[in-house]
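The values are calculated or read from the model by the stated rules, or taken from the named source; none is laboratory data. Here the structure is a predicted model, which is why all the values come from computation and not from measurement. Heads up, the Cβs are rebuilt from the backbone with ideal geometry, glycines too, and the neighbour counts pull from every protein chain shown. With ligands, DNA and RNA removed, areas are computed over all heavy atoms of the protein, side chains included. Shrake-Rupley method; radii C 1.70, N 1.55, O 1.52, S 1.80 Å.
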Amino acid sequence: MHRTPILQGYTAFRYQRRNSVHFGVQDARNSSSWDGDDNMEAAGSSSNVAFDRKLKVLQRNGAAIAARKGRMTKTSEEAVDYDYFQEEIANRLVDRLDDIIREGGFPLALDVGSGVGHVYRAINAHESFEGVGGVGGVRKLVQLDSSAGMLHRDDDLDDTTHNDSEPPFCGAYKMVADEEGTMPFPDGTFDLVISSTALHWVNDLPTFLSETKRILKPDGCLIFAVVGGSTLFELRSSLVLAEMERDGGVSPHVGPFVDFADVGTLLTSAGFTLPTVDIDTIKLAYPNATVLMEHLQRMGENNASLNRRSRVGADTFLAAACIYDQAYPLQDDADDEEDSIEASVQVIYAIGWSPHDSQPKPLERGSAKHKMGDVIVESTKSK
């Protein structure tokens, strides 16, 4: 894997062919994505619930088992790294944490939906500016995830984020618990709550944010990266066209994702102050659509929609792959015959703070002593 230069405002990734697993028609039928279809029956439907959380745990546990088997049966050159996306976003998120200047840092932090520990490794990458703890002054990180398989997938591997002769900058404690519902912590426990590429499977984001605010100390920080916006619109449209042609109807395969414009409103509605929101659009390059769907499945990002179809035929997947190849070729000047399509992922980054008297506050409504128009006129005259 290597990263190409920034292209037209987004970052593009390209993966060598030896890191792509090609498979036949039967395998394509069982592949899924942030969006691909699954063969399990839907657990039900609800206007307020979009995802089957129990199925999502099974899918992620399956992806963890497949990764462990791959390490045991393949050489380092043959093994395929499916963690590239989560690792990259975790590093970008921790970079934003490193930009926050706070006296004493964030000694106790919670990582929601921690997965295999990309955030932990990024925090342990170097020492804090104050010389205590990892990035952001984090000294203890509680890693919470609903998938025990994913949480403990790499327990047998040596930790390569620090020198063997020195202890890690940040300690860790792993806990299996659902990211939804009531958090198993008392009020005002954590200085920091962080989450990377996990919240797009949460059914009730307002409740999650309210719970997060409850377990944060005053002046505590919430920082997260969530997949949202028009992520994988190429695959979504290709599957819709293929289903309409082959089956005469459509079913959900991608999302739904939170919209960028709604994140700030969600934070303020939950009681967070000083919200900050920004967005990245990342382009991923693959040889073809079947490789894309296979990678998404191995990431544990299978379709978990409650309204998904019980089965999608192989001919529909093949039709979608053909449409994808024709409609969304790789937009790159580089001469690379290995990759031919691109996939778009939008990642929304957000920061919010639990209220505290030390935080800056706006003046009361009607307390202004000058009109904005007068200030503009005076400024213009002075020039």
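For the reader, a short list of remarks on this structure follows.
- Simple spin-label estimate for Lys54 and Ala314 gives 3.1 nm between the two label positions (7 Å along the Cα-to-Cβ direction from each Cα).
- Placing Tyr286, Tyr328, Tyr173, Tyr120 in order of accessible area, with the largest value first and a 1.4 Å probe, yields Tyr173, Tyr328, Tyr120, Tyr286.
- Extension gain, Met372 back to Ile65 (0.36 nm per residue minus Cα-Cα distance, nm): 104.4 nm
- Note on surface exposure: His118, His370 rank His370, His118 by accessible area, highest first, 1.4 Å probe.
- Between Gln359 and Leu157, the FRET efficiency estimated from the beta carbon spacing at R0 = 45 angstrom works out to 0.65.
- Greater than 25 Å apart at Cα, pairs in Lys74/Lys140; Lys213/Lys283; Lys213/Lys361; Lys74/Lys174; Lys217/Lys361: Lys74/Lys140; Lys213/Lys283; Lys74/Lys174
- Distance between the modelled labels on Asp204 and Ser230, one decimal in nanometres: 3.3 nm (7 Å Cα→Cβ projection).
- Only protein heavy atoms count here; on that basis, with a 1.4 Å probe, Arg153 has an accessible area of about 20 Å².
- Within the range 271-360, GluC sites (Glu not before Pro) in DSSP loop having at most 12 other beta-carbon neighbours inside 10 Å: Glu337
- Expressed as a whole percent, the accessible surface of the range 170-319 that belongs to carbon and sulfur atoms is 54, based on a 1.4 Å probe.
- Accessible surface of the range 91-161 [probe 1.4 Å, protein heavy atoms]: carbon and sulfur percent: 51
- Spin-label pair Asn307-Arg246: with each label point 7 Å from Cα along the Cα-Cβ axis, the two points sit 2.1 nm from one another.
- Phe233 accessible area, 1.4 Å probe, all protein chains in place, Å² to nearest 10: 80
- Per-residue SASA remark: Asp204, around 70 Å² accessible (1.4 Å probe; ligands, DNA and RNA not included).
- Charge tally for Ala270 (other residues, Cβ to Cβ under 13 Å; Lys, Arg +1; Asp, Glu -1): -1.
- When Arg71, Arg102 are compared by accessible area of protein heavy atoms, the largest-first order is Arg71, Arg102, using a 1.4 Å probe.
- Long-range amide H partners of Leu110 with built H, under 5 Å: Val142, Leu192, Val193, Ile194
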